[in-house]
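Below you'll find the structure, written out as C-alpha cells, and then a few comments.
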Amino acid sequence: MRNANPLVVILLILGYLAAGLGLGALFGSLFGQTGFNNVFYYIIIPFIFIFFIDLTNLILFPVANITMNRNLEKEEFGEVTSYVCKNSWSLRKIICIENSSGRIAYVTVLDPFNFQTADARDLSKISSRYMPGPFGGTRYVFFEFYYKNKRFRFPTFTSRRMWMTTSSTVQNAIAAGDRIRDLLLKFQPGGGEAIPEEVRHFDKNGIRGFIFACVSIYMWVFALVARPFVLAGYGAISYILLAIGLALDLAGIILGAKCLKAARIKSIRGLGFAKGAVVMGSIMTAIQVLMVFLFIFVR
C-alpha cells in the first residue's frame, strides 16, 4: 500500500500553478490594469498552495469514494467497518476492514484511482493515541499501523486550538480510533496487543526545507511579474529573483533529502515536510530553469 502517487502530486501542483496564472491573467485583461493583474499573481498562486489540501479533497475525494465503493463490490467484500478521514488540514482517505476476514481496502485522494488491499495479519505496531499538549489538552488524535515497515496514520481529530482530552469531541475521536485498533488487533496472532507510544525526535530539516521551497514560489512569481523589465532592458531584477528562488529550492531539496536519509537509520517525525520539500523543490527548480531559458532566448 502507498499513501500517494508521485505523478498525481506533480500534476496537482502544476495544475494549481496553471490555474493561478490563468486567473491572474484573466482578471488583469478584463479590468485592463497591469497592477491589478500583478496583484493576482501575488495573491492567487500563494492562495492555491495554502489551500492545497482543501482543493485536493474537493476535487479528488469523490473520485476516491467511487473507486472504493465499486471495488468493494467487485472484490466481494462482506460486512465492513469503515473509517473516512474528513478532518481539517488532512488529506482524505478511506479504509475499510472486512469484519469476518480482516481484509483491508484502502484508497487515498493522492492516489484516487488505485484500490489497494492488504491483510490485517500482516500489520504491525497497531496503535491509537493522541498527541499530548499542555494542561491535559490535545490537537491531534489518530490511529496508525505499519505495513511492510511503512507507517499509515489516520487522524480522527485535528484542531488549530488545544482541546481538553476530557471533552466529548476528543473522547469520541479517541473511541473511533480505539474501535479500529481493536478490530485490527483481533486478527493478529494471539489477539495482539496495543503498541505503547514511541518517543521519536522531530527532525527540523524537513520543515526548514519545506519553508524554503514555499518561499521560492514567491521568488518565481516576483520574477514572472518583473518580466516587462526584462523586455525593457532591466533583466537583472528577474535574474536575481530567479537566482534566489533557485538557491532556496536547492536548499529545500538538500534539507528534505537529509531528513529522509536520517529516517532510514532511526524513527523520526517530520517526514511529510521533508517529502513536500523534495517534491516542491524539484518542480520549482525545473520551472525556474525553464524561465531562465525563456528570459535569455525569448525576447
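Quick notes on this one:
- Residue order, fewest to most beta carbons within 10 Å, for S100, S82: S100, S82
- Per-pair calculated FRET efficiency, R0 = 30 Å: L26 and R70 via Cβ, rounded to 0.05: 0.25
- In percent, rounded to a whole number, the relative contact order of segment 68-191 is 20, using alpha-carbon pairs under 8 Å and six or more apart.
- Difference of contour (0.36 nm per residue) and Cα-Cα distance, H201 to S124: 25.7 nm
- Length released on extending from K150 to M164, taking residue separation times 0.36 nm less the Cα-Cα span: 2.0 nm
- Subset of K86/K148; K148/K258; K125/K148; K74/K150; K125/K275 violating a 18 Å alpha-carbon distance limit: K86/K148; K148/K258; K74/K150; K125/K275
- Rg over Rh for segment 79-145 works out to 1.03, using Cα positions for both radii and the Kirkwood form for Rh.
- Ratio Rg/Rh, restricted to segment 68-191 and using Cα atoms, in which Rh is the Kirkwood radius: 0.99
- Taking each residue as 0.36 nm, the span from K86 to F52 lengthens on full extension beyond its C-alpha to C-alpha distance by 10.8 nm.
- Rounded Å value of the spacing that divides the Cα centres of segment 161-181 and segment 67-118: 22 Å
Every number in this text was worked out from the coordinates using simple rules, so none of it is lab data. None of these values were measured; they are calculated from a predicted model. So basically every Cβ, Gly included, is an ideal-geometry build from the backbone, and we count neighbours across all protein chains shown.
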